[in-house]
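Take a look at the structure below.
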Amino acid sequence: MVREKSANGIAALKNVRDAIVWAEKRLAAAGVHFGHGTDNALDEAAWLVAAVIAVPPAELAKHHRRAISPDARARLRALIEKRIATRTPAAYLLHEAWFAGLPFYVDERVIVPRSLTGEFIRRRFAPWVDAARVRKILDLGTGSGCIAIACARAFPSAQVDAVDISDDALAVARINVEKYNLVERVHVRQSDLFSNLRDKRYDVIVTNPPYVGRPEMKTLPPEYRHEPRLALESGASGLDAIARILRGAADFLEPHGVLIAEVGNSKQALARRFSNVPFTWLSTQSGDDSVFLLTADQLKAHRPRRRRR
């Protein structure tokens, strides 16, 4: 009689490559949702295995033939089982998320970083921004602080304000600011959008605000239930936060300044509601174009009026 292999064959795993294949099959069969740092079962399996054997994900291929210990197998099994049973995003299980090529601490006080703006930050917003003129940057709705920190590293002469309405989120942001030794240049502040910024002016305002509509929230996969609702939902149409940003941003920009904002799948609704606003839609290498840019002059000329209730 052949003894049944425990946990769908995990006891038979010999090396790292075996572990990745096993984890990929388990995740794919379970039907979990990807989109919080990875978009497929193989990449998430590799990420979890890399964490278990304590190597950077980018270096995992060098370790494919490395033997995997019983302890590592047990830890991987526990991670996979929790991921499947609770539908908790892997980033929360590992307390790690990657943005703009940098690792950040995360927990359920903040959404998992996945903003498309990271690609543009790494290019220093070229060709739309003259990097030599950037001295003051605002990250509006900073969450984990990833955008603010990536901007500070991309623009080493700039001071960055990282603001959020959530004190819980700001606590996480401070962890990351200290991790990158940026406390002298990245200033973590509590503010409901622009409300506590008063007379400040910036060369660049970057934001990845809440943009999910209330009806859509009900249809999201269970993984999103682990994220702060405050960081996702933005009124019935998903446009409440960005409408406030469009009304106020011009007052906080230098004359040459720009607003760069990501609006995800609310892009079409935004374009319809503000059809007179000349959004410049920035396309990523993958072809996504849900990030827009507006200059200070454009924002002033097309400032939306507050809707009557």
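When the helices (runs of 4 or more DSSP H) confined to region 117-190 are screened for residues that are touching a strand residue (DSSP E or B) at 6+ places or on another chain (Cβ under 7 Å) and under 21 Å from ALA249 (Cα atoms), those reaching at least 2 such residues are found at 117-122, 146-154. ILE68 falls short on exactly one of the conditions (1) closer than 30 Å to LYS267 by Cβ; (2) buried (at least 17 other Cβ atoms within 10 Å of the Cβ), and that condition is (1).
From the set of residues in region 27-45 that are of a type in the set (A, V, I, L, M, F, W, C) and either assigned to a helix (DSSP H, G or I) or touching a Cys at 6+ places or on another chain (Cβ under 8 Å) (or both), which is surrounded by the fewest Cβ atoms within 10 Å (Cβ to Cβ)? In this case the residue turns out to be ALA29.
Could you identify the single residue in LEU93, LEU48, LEU79 that is free of Cβ contacts under 8 Å to residues at least 60 places away in the same chain and open to solvent by less than 30 Å² (accessible area, probe 1.4 Å)?
None of the other options fit; the residue is LEU48.
Of the residues GLU24, GLU81, the single one that is part of a helix (DSSP H, G or I), of a type in the set (D, E, K, R), under 18 Å from HIS226 (Cβ atoms) and more than 22 Å from the chain's Cα centre (by Cα) is GLU81.
Checking ALA162 against (1) surrounded by fewer than 19 Cβ atoms within 10 Å (Cβ to Cβ); (2) under 28 Å from PRO103 (Cβ atoms); (3) under 19 Å from the mean Cα position of the chain (by Cα), which test does it fail? Tallying (1) surrounded by fewer than 19 Cβ atoms within 10 Å (Cβ to Cβ); (2) under 28 Å from PRO103 (Cβ atoms); (3) under 19 Å from the mean Cα position of the chain (by Cα), ALA162 fails exactly one: (1).
Being open to solvent by 80 Å² or more (accessible area, probe 1.4 Å), within 22 Å of the chain's Cα centre (by Cα) and more than 28 Å from GLN285 (Cα to Cα) is a property that does not hold for ARG124. Taking region 249-271 as the range and being closer than 13 Å to LEU239 by Cβ and either open to solvent by less than 40 Å² (accessible area, probe 1.4 Å) or modelled with pLDDT of 95 or more (or both) as the test, the residues that pass are ALA261, VAL263, GLY264, SER266, LYS267, ALA269, LEU270, ALA271. One residue stands out in region 220-246 among those that are more than 17 Å from ARG114 (Cβ to Cβ) and modelled with pLDDT under 95: the one that is surrounded by the fewest Cβ atoms within 10 Å (Cβ to Cβ), namely ALA236. Reported count of residues in region 191-219, each being under 19 Å from ILE147 (Cβ atoms), within 20 Å of the chain's Cα centre (by Cα) and surrounded by 18 or more Cβ atoms within 10 Å (Cβ to Cβ), is 11. What is the one condition in (1) open to solvent by 50 Å² or more (accessible area, probe 1.4 Å); (2) β-branched (Val, Ile, Thr); (3) touching a His at 6+ places or on another chain (Cβ under 7 Å) that ILE53 does not satisfy? Checking ILE53 against (1) open to solvent by 50 Å² or more (accessible area, probe 1.4 Å); (2) β-branched (Val, Ile, Thr); (3) touching a His at 6+ places or on another chain (Cβ under 7 Å), the one that fails is (1). Against the list (1) without any contact (Cβ under 8 Å) to a residue 40 or more places away in the chain; (2) among the charged types (D, E, K, R); (3) in contact with a helix residue (DSSP H, G or I) (Cβ under 8 Å, 6 or more places away or on another chain), the condition ARG87 fails is (1).
The values are calculated or read from the model by the stated rules, or taken from the named source; none is laboratory data. This structure is a prediction, so every number in the text was calculated from the model and none was measured. With ideal geometry, Cβ positions are generated from the backbone for all residues, glycine too; neighbour counts draw on all protein chains shown. Each accessible area value is taken on the protein alone, full model and side chains, heavy atoms only, with ligands, DNA and RNA left out. Shrake-Rupley method; radii C 1.70, N 1.55, O 1.52, S 1.80 Å.
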